[in-house]
Amino acid sequence: MGGVQDLSRLRGLHEQRLIVRDAQGLTGKKVEIYSLPYSAINMWSSENAGKLLDFNAEMELWTRAGHIKIKLNKGVDIRKLDHLISHAVLNG
């Protein structure tokens, strides 16, 4: 998980960790699953166009495992996701 990775879909938020699904290739048949404990997140940032439901929202995580860039699907409320991650990281 070394450099920047574009992850196509955030899979789930769990009590102790973040699950990320990375579909690769043109057909998306090759799939990797990453399980990141919140305690491994050192820093994060979120970016969108300022609308509630943005088409190009992204989140970046800097962890002990490396730098991860997550492209979020249309319809994801980036502010709610940002709040959930901040709560899990800062209160965990």
- [ ] Sticking with the crude label model, points 7 Å out along Cα→Cβ, report the distance from Arg21 to Met43 in nm, one decimal please.
- [x] 3.1
- [ ] Any chance you could run the full-extension gain for Ser35 through Lys80? It's 0.36 nm times the residue separation minus the Cα-Cα distance, nm to one decimal.
- [x] 14.2 nm
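Computed from the coordinates by the stated procedures, all read-outs in this text should not be read as laboratory data. Remember, predicted model here, so these are calculated numbers, not experimental data. Please note: Cβ atoms are built from the backbone with ideal geometry, for glycine as well, and neighbour counts cover all protein chains shown.
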